[in-house]
Amino acid sequence: MYQGGSDGFLGPRDDIPLADESWGCDFEAEVAVVTGDVPMGASRDEALDLIRLVMLANDVSLRNLIPGELAKSFGSSNRSRRVVLTGGRDAIGAGRRLADGRLSGPVTVDLNGRPFGRPDAGST
């Protein structure tokens with residue numbers, strides 16, 4: 001595990017600023033959840049019932065800068081954008097569901113208005 005912090009967040013449709021293409025800009029869709037207080041020793045079902053928000057995050061990394069940062073025990077250079085999808089476990093929406101604690105269904109990823117990827121959030 002490494003620290004992958006950001007000095008700020010971008011809006012969901014903001015351009016990604018990149019001063020130098022040699023930094024190796026990369027992006028990936030991620031699913032994140034926010035829970036209420038989860039007691040120590042909670043079962044999977046108890047923890048699932050404590051989900052408050054399900055979010056999509058666009059994690060943007062500068063891949064060519066990461067090795068040098070990790071060698072110094074620093075975090076990577078990245079910026080994230082987050083979009084809140086729901087108000088909790090029961091409001092996921094059509095085509096998506098929580099099964100065995102995993103969100104399943106397509107995550108639609110476009111780059112400059114063109115289809116880029118359509119991964120299933122629940123695949124391993």
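The values are calculated or read from the model by the stated rules, or taken from the named source; none is laboratory data. Not measured: the values here are computed from a predicted model. Backbone-built Cβ (ideal geometry, glycine too); neighbour counts: all protein chains shown. Each accessible area value is taken on the protein alone, full model and side chains, heavy atoms only, with ligands, DNA and RNA left out. Shrake-Rupley method; radii C 1.70, N 1.55, O 1.52, S 1.80 Å.
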- Provide VAL38, VAL60 ordered by accessible surface of protein heavy atoms (probe 1.4 Å), highest first. VAL38, VAL60
- Query: How do 27-33, 50-56 rank on mean C-beta neighbours within 10 Å, highest first?
  - Reply: 50-56, 27-33
- Query: If you average 1/r over every pair of different alpha-carbon atoms in the stretch 7-69 and take one over that average, what Kirkwood value in Å do you get?
  - Reply: 14.6 Å
